[in-house]
Amino acid sequence: MKLIHDVAAMQQTMLQLKREGRRIAFVPTMGFLHEGHASLLREGRKRGDILALSIFVNPAQFGPHEDLERYPRNLDGDCALAEGCGADFVFAPTATGMYPPGFQTTVALGPLTKPLCGASRPGHFNGVAVVVAKLFGIVQPDVALFGRKDYQQLAIIRQMVHDLNLPVEIVGMPIVREPDGLARSSRNSYLTAEQRRQALCLYRAIKQVRELFAQGEQRVDWLLAAARSQIEAVAAATIEYLELRDGVTLQPVDRATNETLLALAVKIGATRLIDNTVLGEAL
Ligand code: AMP
């Protein structure tokens, strides 16, 4: 496995492999890799001749009061995990390599970015879209894998790739959870032992809504009230959003159906956690 920091060197290496007819699978990440990332890498290994991942804590997608500086980093550990999953290339650029002086281009996004995380993190998805477009230009992947943990991000990237005719297949992968149900996240490392227990309220809310829906309950306000009570039972938890929306358009729904997305962002102390489920799909 090769570790490349330089943007031009990465692009040249990938272009050469493409000229040789290799199929490139790509997993973009912010590092501090865990089983969620590993599941994307293993699937990527099956889908490409070459497996590349990027590790880049992208400043453009963090707000001014967010956790850019303290976001966990562990390049050595990440390389070991990536190698164990069969990666051929780790691309770990610097912020100035990606955004040199004079950088000025943005990507204008549409209605998919308005609700949920887009409402609470203004500019976040623009930062994501720009970095993903740049990474696609550098890595030239045939297939790129993203987790459904970041459901809205996946929807926005699919839309961008479709609208801009980018020649890359986007694969969405299931959420990987801890044995007790907590969605794997690099940010889980911020949690104290007590907060780790409190964080289970997200999963409890999801399970509660899925159970009620399975019993026939379709009323949005009832389902959301049930979810809210699971979160509010934990004093340290603050709801940022808790919503049922159409799983494709992300628009509000009148009644819950199999295609409805339950999405939530909850702060446990200072740590912001997100989770989601599509009611008609396996957990
Ligand atoms: P991040 O490093 O948090 O930017 O995540 C990189 C990729 O891994 C994104 O496509 C995420 O959706 C995906 N990912 C993160 N956590 C999980 C998880 N628990 N299960 C599945 N995919 C995940």
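See the values below:
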{"quantity": "FRET efficiency, His65 to Thr94 (Cβ-Cβ, R0 35 Å, nearest 0.05)", "calculated": "0.90"}
{"quantity": "Net charge, Pro59 excluded, C-beta distance under 15 Å - Lys, Arg +1, Asp, Glu -1", "calculated": "+1"}
{"quantity": "Counted charge near Ile268, where neighbours are those whose Cβ lies closer than 14 Å (Asp, Glu -1; Lys, Arg +1)", "calculated": "+1"}
{"quantity": "Charge-dipole axis of the chain as Lys and Arg at +1 and Asp and Glu at -1 on Cβ define it, positive-most pick from Gln215, Gly44, Ala236", "calculated": "Gly44"}
{"quantity": "Links that overshoot a 23 Å alpha carbon limit, given the list Lys149/Lys267; Lys114/Lys207; Lys2/Lys46; Lys2/Lys134; Lys46/Lys114; Lys2/Lys149", "calculated": "Lys114/Lys207; Lys46/Lys114; Lys2/Lys149"}
{"quantity": "Cα centre as origin, Lys/Arg/Asp/Glu Cβ charges: the chain dipole, Debye", "calculated": "120 debye"}
{"quantity": "Sum of side-chain charges, Cys79 neighbourhood, beta-carbon under 14 Å (Lys, Arg +1; Asp, Glu -1)", "calculated": "-2"}
{"quantity": "Helix-only mean residue ellipticity at 222 nm for the chain, each DSSP H run of n ≥ 4 adding -39500 (n - 2.57), per residue, nearest 500", "calculated": "-11500 deg cm²/dmol"}
{"quantity": "Label point 7 Å beyond Cα of Gln218 along Cβ direction - residues of the stretch 238-273 with amide nitrogen under 14 Å", "calculated": "253-260"}
{"quantity": "Share, in percent, of DSSP beta bridges within the chain that are antiparallel, nearest 5", "calculated": "50 percent"}
{"quantity": "Residues Asp76 and His162, FRET efficiency given R0 of 41 Å [Cβ-Cβ distance, rounded to 0.05]", "calculated": "0.65"}
{"quantity": "Rel. contact order, % - alpha carbon contacts under 8 angstrom, at least six apart, the chain", "calculated": "17 percent"}
{"quantity": "The stretch 43-126: chymotrypsin sites (Phe, Trp or Tyr not before Pro) in DSSP loop, at most 12 other beta carbons within 10 Å", "calculated": "Phe103"}
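Any read-out appearing in this document is the output of simple, stated calculations on the displayed coordinates, not a laboratory observation. Owing to the predicted nature of the structure, the values given are computational and were not obtained by experimental measurement. So basically every Cβ, Gly included, is an ideal-geometry build from the backbone, and we count neighbours across all protein chains shown.
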